[in-house]
Amino acid sequence: MAKTKPDYIAAGQDRDLYSGLIRLHVLHHAAEEPIFGLGMVEELARHGYRISPGTLYPLLHGLEKKGYLRSTEERNGKSLRKVYHATPMGRKALRAAKNKVRELFGELIEGRR
Ligand SMILES: [Zn+2]
């Protein structure tokens, strides 16, 4: 029989369930400083999200297409890399999301109704 991950681990990596949190996390960091793909993969890994560059790059493009992020090319040694930063619209979306996260946090963690 094929080895499968225990359910709780599989659920902890359920990308659908966490996709919004991952986007907010990305937006948060992009509002603080310019971010780049691989750096963000590492940052997310630090928080327990295993996400490959192949998944993260389309996510960054999606946020850029929506107008939340803007990318520029930055020289990194001999190569160019794309860095992203939050647009004013992205910052506004992040502020609105913070209120929703606070609300959710109240219910999930603090048991408020
Ligand atoms: Zn972080």
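Tabulated values for the structure
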item: Test: residue in region 76-92 that is within 15 Å of Leu21 (Cα to Cα), surrounded by 11 or more Cβ atoms within 10 Å (Cβ to Cβ) and of a type in the set (A, V, I, L, M); result: no
item: Breaking point among (1) free of Cβ contacts under 8 Å to residues at least 60 places away in the same chain; (2) under 22 Å from Gly37 (Cα atoms), for Lys92; result: (2)
item: Residues of region 50-104 classified as of a type in the set (Lys, Arg) and assigned to a loop (DSSP other than H, G, I, E, B), total; result: 3
item: Sole exception among (1) away from the ligand (no atom under 11 Å from the Cβ); (2) small (Gly, Ala, Ser); (3) free of Cβ contacts under 8 Å to residues at least 24 places away in the same chain for Ala86, by number; result: (3)
item: Checking Gln13 against (1) closer than 24 Å to Val101 by Cα; (2) exposed (fewer than 12 other Cβ atoms within 10 Å of the Cβ); (3) at pLDDT below 90, the condition it does not meet; result: (2)
item: Condition met for Thr72 (over 20 Å from Ser19 (Cα atoms), away from the ligand (no atom under 14 Å from the Cβ) and of a type in the set (Val, Ile, Thr)); result: yes
item: Top-ranked residue of region 22-54 - restricted to ones that are surrounded by 11 or more Cβ atoms within 10 Å (Cβ to Cβ) and among the basic types (Lys, Arg), ranked as nearest to the ligand (Cβ to nearest atom); result: Arg23
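The values are calculated or read from the model by the stated rules, or taken from the named source; none is laboratory data. For clarity, every value in this text was computed on a predicted model and none was experimentally measured. Cβ: placed from backbone, ideal geometry, glycine included. Neighbour counts: every protein chain shown.
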